Every structure is written in C-alpha cells, then in structure tokens.
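In what follows, a structure is listed as structure tokens, so that the remarks can point back to it.
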Amino acid sequence: LIRDVLDLDSESWIIGAPGGFKSFVALDWACHVATGRPWRGKAVTQGPVVYVAAEGQKGIPQRVKAWEAMYHQRAEGVMFLPEPVQVTNATAWATLIEACRRLKPVLIVLDTQARITVGLDENSNGAMSTLTDAVRRLKAATGACVLVVHHTGRNGGDARGASAIDGAQDTEIRVERPELKAKRSQLFATIKTDKQKDGDESVQFEVQLQIMDLG
C-alpha cells in the first residue's frame, strides 16, 4: 500500500502516546493513498479509503482542510464515518463489513481502538481476541490494509493492553514525540517500525508537522 510502510491485505496498528500525532499520521496516509501521492518518497497504491472516525470527529474537517491547503489538492477518495462502530455489536460490525466490501477500499482506518471496543477489557486476551477477529474479518472481506490507531501509555512504551494484539499484527508503526520541550514545541516526531512481518523493520522517518492558517 505504501512501499516499506504498509501492505495491502494486512492487519496493522499505529501506536503512540496521547497527543503523539498518531492520528495526524494516519490521516496523512489516508489522504496520500486516496490521491495517489507518494508519501515521503514512497510509492503508494492509489484507491478509496474508509476512515472510521470514532473519536475527534469535530477536528477531522479542519485537519482535512489543512492537508488540502498544504498540498494544493482535494483529498478526494477518503470517505469518513464519524461513528464509533463497536466490534461487540454484531449487526453494526456486519454492516460496516458489507459497506466496505461494496466500496472496495484499499485502506480502512479505525481511529481509535479504545473507542470501538467500549466495554471490553483491553488487558484481557480473550476480550482483545474479539477485536482482532473483527479486524481480520474486515480485512478478509476487502483485501485492504486495516489500520487500527491505538494508544501507548502516557510515557510511551508498548501499546496498551493484552498481548493478543501482538500476535494478530502484520505491522506495528510507532509515532514518538521528543521529550525535549524545544523540539516538542516545534512539532517534531519520529515514525518508526516496531514490527513488519514480511518486511524491513529498520524503516523510520523524522517528521515535523506544519501549522496551516485556515482563517
């Protein structure tokens, strides 16, 4: 999907601390894939994107407008569902799967894991198996990269919750912000690969977010 970063037909996670820019990166990937723009010099497979905005729905339109202003291009091809579809709701999840099967996206973003697993104990392998099975079924129906946005602890470290997620992952990407206040204030971050089942785990990117004045 994005060379050396994300694969089609995969179960992938992007993780980071609260306020760590992981949703910004996920949205940036979504817009690049939908428009066919290379990402950081890496070729992409262009196609439709479904973005399940289970939290932060009010901020999404501004972020999209900022992306469009930065790249002077409409982010056409990204379809947003501003609803926290629950993996425990069999009817709702089946409806999401069927909608995605018809839309044929190459990327499906679930943002965030916590908001689509309300009521599940994230520290229970049994409970998290419900999530991983739901992700697997979404992938199987579409052949897309299903990308789950998830939190680490506030101080970084591993992704929160049970190890069942680790076994299900094809890819895990981590977004880290520096501890030094000066660098944090300049919106620097590092995107690094924690796990790449069938690829290079040494790939990483140093990035700096830009502020766009939308008036």
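The values are calculated or read from the model by the stated rules, or taken from the named source; none is laboratory data. In this text the structure is predicted, and so the values were computed from the model without any measurement. Methodologically, a virtual Cβ is constructed for each residue, glycine included, from the backbone with ideal geometry; neighbour enumeration extends over all protein chains shown. Heavy atoms of the whole protein, side chains included, go into the accessibility calculation; ligands, DNA and RNA do not. Shrake-Rupley method; radii C 1.70, N 1.55, O 1.52, S 1.80 Å.
Residue selection: Gly56 satisfies the criterion of being farther than 19 Å from Ile97 by Cα, open to solvent by 20 Å² or more (accessible area, probe 1.4 Å) and modelled with pLDDT under 95. Take Arg136 and decide whether it is touching a helix residue (DSSP H, G or I) at 6+ places or on another chain (Cβ under 8 Å), touching a residue at least 24 places away in the same chain (Cβ under 8 Å) and of a type in the set (Lys, Arg). Yes, satisfied.
Of the residues making up segment 196-213, those that are surrounded by 10 or more Cβ atoms within 10 Å (Cβ to Cβ) and either among the small types (Gly, Ala, Ser) or assigned to a loop (DSSP other than H, G, I, E, B) (or both) are Lys197, Gly199, Glu201, Val203, Leu209, Met212.
Being modelled with pLDDT under 80 and either open to solvent by less than 20 Å² (accessible area, probe 1.4 Å) or assigned to a strand (DSSP E or B) (or both) is the filter; apply it to segment 143-165 and report the residue that is nearest to Trp93 (Cα to Cα). Going through the qualifying residues, I end up with Ala162.
Conditions (1) without any contact (Cβ under 8 Å) to a residue 40 or more places away in the chain; (2) open to solvent by less than 20 Å² (accessible area, probe 1.4 Å), marked per residue:
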{"position": "Gly167", "(1), (2)": "yes, no"}
{"position": "Ile173", "(1), (2)": "no, yes"}
{"position": "Glu176", "(1), (2)": "no, no"}
{"position": "Asp194", "(1), (2)": "no, no"}
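Contact map, segment 28-57: residues that are within 21 Å of Val85 (Cα to Cα) paired with residues that are among the small types (Gly, Ala, Ser) and open to solvent by 30 Å² or more (accessible area, probe 1.4 Å), Cβ distance under 7 Å, separation 6+ or inter-chain. Pairs shown: Pro48/Gly77; Val49/Gly77. Within segment 75-90, is even one residue open to solvent by less than 20 Å² (accessible area, probe 1.4 Å), closer than 17 Å to Val149 by Cα and either out of contact with any strand residue (DSSP E or B) (no Cβ under 7 Å at 6 or more places or on another chain) or among the basic types (Lys, Arg) (or both)? Yes: segment 75-90 contains one or more residues that are open to solvent by less than 20 Å² (accessible area, probe 1.4 Å), closer than 17 Å to Val149 by Cα and either out of contact with any strand residue (DSSP E or B) (no Cβ under 7 Å at 6 or more places or on another chain) or among the basic types (Lys, Arg) (or both). Based on this model, can you work out whether Ile108 counts as among the hydrophobic types (A, V, I, L, M, F, W, C) and assigned to a helix (DSSP H, G or I)? Spelling it out, it is not the case that Ile108 is among the hydrophobic types (A, V, I, L, M, F, W, C) and assigned to a helix (DSSP H, G or I).
Within the set Val49, Val44, Val64, Val5, the sole residue that is touching a Phe, Trp or Tyr at 6+ places or on another chain (Cβ under 8 Å) and either surrounded by 15 or more Cβ atoms within 10 Å (Cβ to Cβ) or at pLDDT 95 or above (or both) turns out to be Val5.
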